[in-house]
Each structure stands twice: as C-alpha cells, then as structure tokens.
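What follows is a set of notes on a single structure, which appears directly below.
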Amino acid sequence: MKSWWDLGEWSGYSGSKLEVHAITCAFCFERGNFTVEHQASKAKPNDRKVLYFTTLKCGNCAGYVMALWSPSSSGDVHDYRLLPFPRKATKAPDTWPAPVGRFWLQAQQSLQNEIWDAAAVMARSALQVALRDCGAKGNNLKQEINDLASKGMIPPVMQEWAHELRELGNESAHPAADQPETSPQDAKDVVQFCTYLFEYLYSLPHQIRQYKSRRSRGAI
C-alpha cells in the first residue's frame, strides 16, 4: 500500500461498512462490543474515494479505539487500521482454515507468554496441519514437506525453512534428558515463518481471487 488512499482497494473485509464485530479492544480484548462516538471523513480530490476516521468506545471497559478505514471504490470490500491495536494475538485471519489458525494462535500466545518450547511445538503443529490441508502426502512431516515442494506448491526457500521448523519443533516435542530451552529468537523466527507460509498458502490466493472478481465486474 503506497498511500492511505489505497486502503481497502486491494483486499479487506466484505461490504462497504466498517466491520465493527471483527474489531478487538486493545485494552480488555473483548471483540465486537463497540459504539461509535465520533466519525469524520476526508474525500479524495476529484475522486469518489473517502477515508473515514471513526472513534469507537468499548462497551466492556469504556476504552477508546480509533479506526482509519475506507471502502473500495467499487464498494464491495473495505479495510481498516486501528490505534491502539491489541498487543496480544486474539484471532487468526479469517482466510486461514480454523485448525491452522488454532495452532498458530497458540504459538503466538506462547511467544507472548515467553514459553519458547511450546511456541516451537505449536508452530510445528500448525505447519503440519496446513500441509495436510493442502493435500500433502507422506508418513511423516519430512515427507509431507518434500511432497508439497515436489508439486510446486511451496518454493525451495520455504521448503528449507519448513525443515528448519520441523527440526526445532521435534527437539522440543521429543526432548533429550539434557535438552536446552528453545532460544527466544529461534521461537520467534519459526512462528514468523509460519505466518509468512500461511499468508502465501491462504491469504495471497484470497487477495488474488478478490482482485479477479473485482476485475471481472469491470471495477478498476
């Protein structure tokens, strides 16, 4: 996104109205319990594009969240940015399969709680669920990674990273008696890799489908 005027143009949430029920309070983490306290707008010169600045009040803790949002020029999707945003991961993207999101979220929460071994194990579980969801075949995770790579579904660099994650997760899942703790940076790296992989497998195809759908209707 090169400009705030691009907000909502390439991907986002269905519809032209702010999806308040999907917003999580940055203070109490309750989801979707907001009232609109104030809203202003700014129109793009010589264009129908409009940016909205909306102040939301949480019905649970009375905290305030500011949302910058905009519908696409075609009006079929919108996207937003929040301030402040939750510092804890509370949900996975809706475009990911629920089992993948569940393990990924547990990996994220393990990072937030500085439980590094658990983060590595949950990242490994999320990886395996995602590969199987994509049709990977094999008797173990190593074979499943290589199977998807051989089919061209993941590029070589992601295949290499997936094996690094597999090995780190195996160490934490099947530890030796003197097994050292997973390092914080290693745990953060493999969970971040999962995020990149799932965006590649799920989020990016969803954005491409949205783009093609918009183009097929003649929206520019």
Full-extension gain in nm, residue 46 to residue 132, via 0.36 nm per residue minus C-alpha separation: 26.0 nm
Additional length obtainable on full extension of the chain from residue 112 to residue 204, 0.36 nm per residue less Cα span: 30.5 nm
Spatially near lysine pairs across the chain, Cα under 25 Å, sequence gap of 8 or more or different chains: 22
Distance between modelled label sites at residue 81 and residue 160, nm, 7 Å Cα→Cβ extension: 3.3 nm
About the Cα centre, charge dipole magnitude for segment 4-87 (Lys/Arg +1, Asp/Glu -1 at Cβ), debye: 160 debye
Listed residue (74, 109, 128) projecting farthest to the positive dipole end of the chain, Cβ model: 74
In nm, spacing of pseudo-spin labels at residue 2 and residue 28 (7 Å Cα→C-beta vector): 4.3 nm
Rounded tilt (10° steps) of 116-133 against the dominant C-alpha axis of the chain: 80 degrees
Globularity index of the chain, i.e. its alpha-carbon radius of gyration over 2.2 N^0.38 Å: 1.19
Inter-centroid distance (Cα atoms) of segment 109-154 relative to segment 21-98, Å: 32 Å
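If the chain between residue 16 and residue 39 were fully stretched, how many nm would it gain, using 0.36 nm times the residue separation less the Cα-Cα distance?
So the extension gain works out to 6.7 nm.
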Counting all C-alpha pairs of segment 4-87, share separated by more than 22 Å (%): 24 percent
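All of the numbers you see were taken from the coordinates with simple rules; none came from a lab. What you see is a predicted model, and the numbers here were worked out from it, not measured in a lab. So basically every Cβ, Gly included, is an ideal-geometry build from the backbone, and we count neighbours across all protein chains shown.
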